[in-house]
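Note sheet for the following structure.
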Amino acid sequence: MSSRKRFAENVPGLLSSPMNLTTSRIFVAATRMNDGKTTTCLGLTAGLQSLGLRVGYIKPIAQRIVQSGEDQVDEDTLLIDGLYKLDIPIAAMSPVAVSADFTKNFLENPDEIGPQLKDRICRAFDRAAYGKDIVVVEGSGHAGVGSVFGASNADNAKVLNSKALLVAAGGIGKPIDEAALNLSLFEKAGVQVVGVILNKVLPDKLEFIRDFAGRGLRRLGVPLLGVIPLQETLIYPNLDQVAEETKARWIHPSAGLKRVRRVVIGAMSGRRAEEYLKVNGTLVIVPGDREDLLEAFIKAGGEKSLSGILLSNGLLPNEAILQKLKEAGIAVAAVESESFAVTSRINNMTVKTMRQDSDKIPIIEKMIKESVDIPGLLKAVKN
């Protein structure tokens, strides 16, 4: 059975009653992928709850799909659901999963799937909004993402009768240029953008960016509602994420959460092993036959500063050294690729906030509460 038919069977019919238009809602989009939508939604959810509001959440289009029981949902939805007691079925929080053949099936039969798609999103929103004071709606990228199957962020914000909030990377010229492009798409769809948040701003540039980016955005007719400082902890992956990205297999997993702050290739002699241990959170990528270097890490107390060791080239040291590494408390994993390829993959990976990132969540909640004008956003949403 085609996925198009399965999709159709899951939608029993079009909405028999009007969608909820009473509950406040805000659609969070971004000017680019990975600009900080999920970080913003997470912090807004916590911040709105701290004001005593009953908060709902929905991400209409899921692109990074994970399995949750019988449902395929967006991984960001699982994160929000796991952190906050929203009392919403997970399927309602992530109603549409875009599988590999989704776009092809839509283009083969847009007149049938298009209305079903909108219907499913509206039904899910009604469930997410039930008993809530406000719903945070997370987009899937910039305003145009999803246009190919008739459900762009601008389209979905329009269908949900929602105002929009834009998140952009820190700066002046580039984020304002990108905001202008996104504003045009939202305006074309009849969606009001009530504000812009600039994310990942260098701490020493905060006031400068707030002043001049604010001026530039006012010229576009949209206020700057927040300037969020760059937090280094948020850009560093944890060791499990690195292992997943590099397809490594664990030999000795980490005993707890460890964050990778620096990646180096083990090319020095064992006598200079301490050079690798000067920065806490260092991940060393080294062929397994460099037993001299591995021995040196153990003797130098590598467990205090190393986040772990990735053994490259499909090579493993002898069992005696592996046992010493385990006893020293040094996490060890192995990959088949050579060291440079593994390093490049790690340096280019996208670091997403995951549920196990217990050190990140309080930081995100605090910085959104302190850096974003949540009362101002609420006022704009309600007006």
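The values are calculated or read from the model by the stated rules, or taken from the named source; none is laboratory data. Since we're looking at a predicted model, the values are computed, not measured. Backbone-built Cβ (ideal geometry, glycine too); neighbour counts: all protein chains shown.
Which of the residues that make up segment 362-376 are in contact (Cβ under 8 Å) with a residue 40 or more places away in the chain and farther than 18 Å from Ala164 by Cα?
Correct list: Ile363, Ile364, Glu365, Met367, Lys369, Ser371.
Among (1) free of Cβ contacts under 8 Å to residues at least 12 places away in the same chain; (2) in contact with a Ser or Thr (Cβ under 6 Å, 6 or more places away or on another chain), which single condition is Lys174 missing?
Single failed check for Lys174: (2).
Report those strands (runs of 3 or more DSSP E) wholly inside segment 159-276 carrying at least 1 residues which are closer than 30 Å to Glu336 by Cβ.
Ranges flagged: 249-252, 262-265.
Of a type in the set (Phe, Trp, Tyr) and at pLDDT 95 or above - does that describe any residue in segment 52-75?
yes
When you scan segment 342-383, how many residues do you find that are part of a helix (DSSP H, G or I) and either of a type in the set (Ser, Thr, Tyr) or more than 17 Å from Pro237 (Cβ to Cβ) (or both)?
19
Only one residue in Val335, Val381, Val342, Val351 is under 23 Å from Val55 (Cβ atoms) and surrounded by 15 or more Cβ atoms within 10 Å (Cβ to Cβ). Which one?
From the options Val335, Val381, Val342, Val351, the qualifying one is Val381.
Go through segment 103-124 and give me each residue that's of a type in the set (Lys, Arg) and in contact (Cβ under 8 Å) with a residue 12 or more places away in the chain.
Lys118, Arg120, Arg123, listed by residue number.
What do you reckon, is Val193 within 26 Å of the chain's Cα centre (by Cα), closer than 21 Å to Asn153 by Cβ and surrounded by 19 or more Cβ atoms within 10 Å (Cβ to Cβ)?
It is true that Val193 is within 26 Å of the chain's Cα centre (by Cα), closer than 21 Å to Asn153 by Cβ and surrounded by 19 or more Cβ atoms within 10 Å (Cβ to Cβ).
Would you tally the residues in segment 185-204 being touching a residue at least 24 places away in the same chain (Cβ under 8 Å) and more than 21 Å from Leu378 (Cβ to Cβ)?
Of the residues in that region, 8 qualify.
Which one is nearest to Lys118 (Cα to Cα), of the residues in segment 64-102 that are buried (at least 18 other Cβ atoms within 10 Å of the Cβ) and either free of Cβ contacts under 8 Å to residues at least 12 places away in the same chain or of a type in the set (S, T, N, Q) (or both)?
Taking the candidates together, the pick is Ser94.
Please find, within segment 245-264, the residue that is nearest to the chain's Cα centre (by Cα) out of those that are within 21 Å of Leu315 (Cβ to Cβ) and surrounded by fewer than 16 Cβ atoms within 10 Å (Cβ to Cβ).
Applying the filter and picking the extreme gives Lys247.
Take the conditions touching a residue at least 60 places away in the same chain (Cβ under 8 Å), of a type outside the set (S, T, N, Q) and within 29 Å of Thr22 (Cβ to Cβ) and apply them to Val167. Does it pass?
yes
Hey, among Leu294, Leu315, Leu283, which residue is over 30 Å from Ile26 (Cβ atoms), outside any helix (DSSP H, G or I) and in contact with a Pro (Cβ under 6 Å, 6 or more places away or on another chain)?
Residue meeting the stated conditions: Leu315.
Can you say whether Asp373 is of a type in the set (Asp, Glu), farther than 19 Å from Arg271 by Cα and in contact with a strand residue (DSSP E or B) (Cβ under 6 Å, 6 or more places away or on another chain), as far as the supplied structure shows?
Considered against the rule, which asks whether it is of a type in the set (Asp, Glu), farther than 19 Å from Arg271 by Cα and in contact with a strand residue (DSSP E or B) (Cβ under 6 Å, 6 or more places away or on another chain), Asp373 comes out as yes.
State which residue is farthest from Pro89 (Cα to Cα) when the search covers only segment 125-164 and only residues that are touching a residue at least 60 places away in the same chain (Cβ under 8 Å) and of a type in the set (Lys, Arg).
My answer is Lys163.
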